[in-house]
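S.K.: Have a look at this one.
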Amino acid sequence: MRSYHQHDTSRGTNTMEGQNYGGPDRDTNWRRPATTHNSAGDSSYSRQGRGHRHPSNHYQRGRGVPRPGGGRQLALSTEGPTTTKGASKIIGVCREMCPAKERLLREREGLLHQFEVFEHPTSSSSSWPVESSGNVGPCEILRDGRNGRRGDGGRGNRKLLPKADSKRTIKSFARSAAGQDKTLPEDLRPPIILKETVEYLCKDILPRTDCPFNIVYDFIFDRLRAIRQDMVIQRIEDNDAIKILETIVKFHIYAEFRLREEHISIYDPHINQKHLVDCLRKLLVLYEFNNYKDSSRHEFEALNCLVSINSYQVVTRAYSIRTEMNSNVLNISIEMALAYQCKNFVDFFRKIGQLPCILQMYCERHVQSMRQFAFHIMCMAYGVRDSCKIPLSWITSQLLYSSNDETHTDLGKLNVEIIRDNVTNEKYVRFKKSQADMMQSATGIKYKFLSLCIQSIVQDGNLSKLCLSL
Amino acid sequence: MSNMTINSYIHQIGNAWEDCDGDRVAELLSLQDPHVLSSRLSEDEPQDVVGDSLESPLSEMVIFHLKVVKELNTQSFNKALNLQCQFGQFFCKVFQSQKDENWGLTLMEKLVEDLRKIALSVQQFDEPDERSSEEHAPTGMEKAADVIMALFRVCAADTRTQEHNTKRWGMMILVNHLFKIYFRINRLQLCKPLIRAIEQQSFKDQFPREQMVTYKYYVGRKAMFDSEFHEADDCLTYAFYHASTLENKKKILTYLTPVKMFLGFLPTDEALKKYDLIEFGHVAEALKDGNIFKFKAALEKSEAKFIKAGVYLILEKLHMTLYRNLFKKVCLIYKNHQVPINVLTAALKWAGHEDIDTDETHCIVANLICDGQIRGYISHQHQVVVVAKQNSFPKVSSIEHELR
């Protein structure tokens, strides 16, 4: 199980991009294990191929001394949009989603993802592990396949390894390490192929429902990361890069929305958020750099406002942009940030519904704290006399709970007294001032809120429309 | 001075260096000294002449300086910046090797100031087509910041020397230059470690006054950006009282006035007139009256100015105080301790908050009670606000703003 995370998802931070846009732990990244199970010529990988399957084996190797490759990588990464002048540009010539070299290698070593091989019509339904065990990943499955547990071959018989479907194999992410040249043009995909890859991922892989979503997520996350790496190496900084990054940001928002309730071993919200913010920052840089004025920009400038909703600086920046582009969505997000900072929960929850769907999804992360503020304020303002009671339905509608029952559950968790009127049968909430302090540290408040557009997305599932921004 | 020959220049700087006369060396290596105007110093190959007559490391520094002068005379700011950066890096090594002495500080001061100014010129003149922006930092500024940072490390690390000749006296001037750069390229998050380094010094209050004023001005602005308004108030007040020129005082007041208003002190018209900041006067007047229409108009009128200075958000946040003042008036007129919510909603609507309804009024009043701006409680059942019989609207300045 552990190997799944280490081998396939390549979690952690992309040093190349982290360096440019200042991630909090950028200094330590490059010491993390190099999770390059699939990269050409990586020795830790071939060891594994020979049967050293114990994952901790190369975990320790990776964690040891700084790798010599690190220096070169850092040097490369410091060259952001600002220093493109003069230096010779690397232009990729790979015409497929995956360079042939990598495809052959991964095929030979059984490291293809289930999404990348020819599908057996007979085994496709049974090839996925039971959903409840969730975190069994593709590597595990492939190993099963190699060992013949699928019942279609002998143990370790290499001939039975799945064949790569060249139309579906995609270059996977690998950190640069010593002895590897990541700048070979035949390994790099030009913008048009990158765009096709993104489109394929969003249209064909993202909506897949035949396996747990976290597997889809890990696969797409990894392949999109490789795309970002290709863009950095080739210094693609034009409108193509903008479109691709916009899609990636949306994907991360959607992923958070789908997986936020999963256990940390399946989905790590912090890493997802970090990549989201990294991509968004880079996107904003590129907007400025290209003087990009399309309407899609408004949405992401607004997102920036919502990401740093409590930041004086970001909102100040948003004000200065607002004068240049008269954008409704940006205005709403600024007003929401103001409402958030002034703790005007009524205004905040009213504005949520006016945002585009993808931003509403993002707002879930603020709903919890906004409700927390609201309960605190209600304790202070309404909790003085015993006779002061608030109708439960009023709280439900102001804080966008989807039903009175939900409100009831939340308030019950916080030990707030709820009484029923014997005549009208309506429920009332009785806050107490003494509970106010407790409210500020309350946990477990729901973050789901009543949103028509999110409901419709969940129902009709048109994810490519939601995420794809090409 | 302005037609100094190369030999005389070399002679003078050589002597000054031998005497460890930091001020004179600094003058002779500064770009603001009249000697840079001398056409006779622009030798094509200064290496030969200088190398023959001066010892290392002074000779290298003089060569760098003369090269920079030459590039600036031809307006090649980018080249000049690179050379000045090399000069700075070289000086950094020299300075570090000068143990237990700090007479080089004045030279460092001049060098860094020149460096920053060249970087600014690069940004202004060399690439007019590339818009400088918050996120996309101009490289020139960053290059300069790197050099200054290296010098800062040398100064900050000089901890074993006695107080009177430690290089740590140079920290504040470097920090101030870094502040100027970071505020320009919008990298405020980088300021924090610098502030911490200064605050750790035992003689943090004994730096020269003009340096202290600059320092406090930027720390105050930073605190405002972090919504730490009391801290901002302290720093900016110090800077205001110690600043020497009217122009600087005006700059400081641009930030101090909104912070003070937020903390419940309104500026007087005379003061605003004196410093030509009358736009805050309109805001203050509307705030005092609780007039939402007027308040909005005052913000809108000077919107561009406020946004540029970065004070627009704090002014927007004054809305809560504005509502408090309005409600206070309503309560005085209503002459009752129990004021129906509807009355307050009507007042808000009348004063300029068009799209208000009962629910939002509830929220606003509840917030004000929670903040301590109104003493009382709300009865949802009867839809009234019950205010305290005494001191129902405490002074804004007496309220702690930590909760906001």
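The values are calculated or read from the model by the stated rules, or taken from the named source; none is laboratory data. Computed from a predicted structure; not experimentally measured. With ideal geometry, Cβ positions are generated from the backbone for all residues, glycine too; neighbour counts draw on all protein chains shown.
S.K.: Which residues, taken from the range B:37-48, are touching a residue at least 24 places away in the same chain (Cβ under 8 Å) and either outside the structural domain of B:G104 (by TED's automatic domain parsing) or closer than 19 Å to B:F90 by Cβ (or both)?
M.R.: B:P46
S.K.: Would a scan of the range B:51-59 turn up a residue that is within 22 Å of B:L115 (Cα to Cα) and outside any loop (DSSP other than H, G, I, E, B)?
M.R.: Within the range B:51-59, one or more residues are within 22 Å of B:L115 (Cα to Cα) and outside any loop (DSSP other than H, G, I, E, B).
S.K.: May I ask you to verify whether A:R350 is within 13 Å of chain B (Cβ to nearest Cβ), more than 30 Å from A:V216 (Cβ to Cβ) and not aliphatic (A, V, I, L, M)?
M.R.: It is true that A:R350 is within 13 Å of chain B (Cβ to nearest Cβ), more than 30 Å from A:V216 (Cβ to Cβ) and not aliphatic (A, V, I, L, M).
S.K.: From the list B:L31, B:L37, B:L54, which one is closer than 30 Å to B:E142 by Cα and buried (at least 18 other Cβ atoms within 10 Å of the Cβ)?
M.R.: On inspection, the qualifying residue turns out to be B:L31.
S.K.: If a residue counts only when it is facing another protein chain (nearest Cβ under 9 Å), which helices (runs of 4 or more DSSP H) contained entirely in the range B:312-404 have at least 3 such residues?
M.R.: B:312-316, B:358-371
S.K.: Considering only the range A:323-338, how many residues are in a helix (DSSP H, G or I) and surrounded by fewer than 22 Cβ atoms within 10 Å (Cβ to Cβ)?
M.R.: Total meeting the criteria: 6.
S.K.: If you don't mind, another one. I'd like the full set of residues that are surrounded by fewer than 19 Cβ atoms within 10 Å (Cβ to Cβ) and within 13 Å of A:V249 (Cβ to Cβ), limited to the range A:282-301.
M.R.: Listed by number, the list holds a single entry, A:S296.
S.K.: Taking A:I271 as the residue in question, decide whether it is surrounded by fewer than 21 Cβ atoms within 10 Å (Cβ to Cβ) and either part of a helix (DSSP H, G or I) or at pLDDT 90 or above (or both).
M.R.: Yes, satisfied.
S.K.: Then there is this: Would you point out the residue of the range A:174-208, among those that are free of Cβ contacts under 8 Å to residues at least 60 places away in the same chain and not charged (D, E, K, R), that is nearest to A:F251 (Cα to Cα)?
M.R.: Once the filter is applied, the top-ranked residue is A:L201.
S.K.: So which residues in the range A:297-321 are more than 12 Å from every other protein chain (Cβ to nearest Cβ) and either of a type in the set (D, E, K, R) or without any contact (Cβ under 8 Å) to a residue 40 or more places away in the chain (or both)?
M.R.: The answer is A:R297, A:H298, A:E299.
S.K.: Against the definition (of a type outside the set (S, T, N, Q) and either crowded, with 22+ Cβ neighbours inside 10 Å or touching a helix residue (DSSP H, G or I) at 6+ places or on another chain (Cβ under 6 Å) (or both)), how does A:I227 come out, yes or no?
M.R.: Yes; evaluated as a whole, the condition is true for this residue.
S.K.: Right, here's the next one. Hey, can you tell me all the residues within the range A:341-376 that are aromatic (F, W, Y), within 18 Å of A:S441 (Cα to Cα) and either assigned by TED's automatic domain parsing to the domain that holds A:S397 or out of contact with any helix residue (DSSP H, G or I) (no Cβ under 6 Å at 6 or more places or on another chain) (or both)?
M.R.: A:F373, A:F375, listed by residue number.
The rows are residues; the columns are (1) among the small types (G, A, S); (2) in contact with a Phe, Trp or Tyr (Cβ under 7 Å, 6 or more places away or on another chain).
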position: B:A298; (1), (2): yes, no
position: B:F306; (1), (2): no, yes
position: B:V311; (1), (2): no, yes
position: B:I314; (1), (2): no, yes
position: B:N325; (1), (2): no, no
position: B:K328; (1), (2): no, yes
position: B:L332; (1), (2): no, no
position: B:H337; (1), (2): no, no
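S.K.: Take the residues in the range B:251-260 that are buried (at least 21 other Cβ atoms within 10 Å of the Cβ) and either among the basic types (K, R) or touching a Ser or Thr at 6+ places or on another chain (Cβ under 7 Å) (or both); name whichever of them is farthest from B:R196 (Cα to Cα).
M.R.: Among them, the one singled out is B:K260.
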